[in-house]
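One structure below.
The values are calculated or read from the model by the stated rules, or taken from the named source; none is laboratory data. Only a predicted model underlies this, so the values are computations on that prediction, with no experimental measurement involved. Neighbour counts are summed over all protein chains in view; Cβ atoms, including those assigned to glycine, are modelled from backbone coordinates with ideal geometry.
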Amino acid sequence: MAILTANTTLMYKTTDLAEYAKLVDITDYPDMGSAPSKIETTTLSATKFKTNILGLMDAPDLTFGANYDKTVLATIDALLGSTVFFQLQFGTAGADGIFTWQGGVQAYTMGGAVDELRTMSVVCSAETEIVVS
């Protein structure tokens, strides 16, 4: 079954908020994981191939695209230095999956050219494991 990316929402809350709220309407989202490192286990008895086991994954860079919004930029600036709880919800209220993590957030305005939308990038750090439910 294929599922569209439509209705994907970046949510946040702080210790001051009882419930998650939409941080910004996003235009794209990053990979929500990364390839694990490979830890070599080859012994000197190997004759053709090296052997490995999977190690840990790096926390990915979580950069979301968004249309420029001065109010959202101010909201994100106010969150600088705070620990923020994030959810990336797929489908209505996360019906197709919810990715949850904690971290910090910053945003910056992207460059532009003639006949283009003003856009910004929202960068969320992953300071905890990203949990999928």
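Give the residues of region 18-67 that are in contact (Cβ under 8 Å) with a residue 40 or more places away in the chain and farther than 20 Å from Thr119 by Cα, sorted by residue number.
Tyr20, Met32, Gly33, Ala59, Pro60, listed by residue number.
From the list Asp69, Asp77, Asp96, Asp115, exactly one residue is acidic (Asp, Glu) and under 13 Å from Ile26 (Cβ atoms). Which is it?
Every option except Asp69 fails the conditions.
Specify which of the listed residues (Pro60, Pro30) is at pLDDT 95 or above, part of a loop (DSSP other than H, G, I, E, B) and of a type outside the set (Gly, Ala, Ser).
Pro30
I'm trying to understand the selection: among the residues of region 81-94, which are exposed (fewer than 11 other Cβ atoms within 10 Å of the Cβ) and at negative phi?
Across region 81-94, the qualifying residue is only Thr92.
Does Gly81 satisfy the criteria of being closer than 22 Å to Leu17 by Cα, touching a strand residue (DSSP E or B) at 6+ places or on another chain (Cβ under 9 Å), without any contact (Cβ under 8 Å) to a residue 40 or more places away in the chain and not aromatic (Phe, Trp, Tyr)?
Here the answer is no, as Gly81 does not meet what is asked.
Return yes or no: is Ser45 in a loop (DSSP other than H, G, I, E, B), under 16 Å from Cys124 (Cβ atoms) and not hydrophobic (A, V, I, L, M, F, W, C)?
no
Which residue is farthest from Leu79 (Cα to Cα), if the candidates are limited to region 8-27 and must be hydroxyl-bearing (Ser, Thr, Tyr) and assigned to a loop (DSSP other than H, G, I, E, B)?
The selected residue is Tyr20.
Looking only at region 104-129, how many residues end up being assigned to a strand (DSSP E or B), buried (at least 18 other Cβ atoms within 10 Å of the Cβ) and within 14 Å of the chain's Cα centre (by Cα)?
Number of matching residues: 4.
Would region 119-131 turn up any residue that is more than 23 Å from Leu56 (Cβ to Cβ) and out of contact with any Gly (no Cβ under 9 Å at 6 or more places or on another chain)?
Within region 119-131, not a single residue is more than 23 Å from Leu56 (Cβ to Cβ) and out of contact with any Gly (no Cβ under 9 Å at 6 or more places or on another chain).
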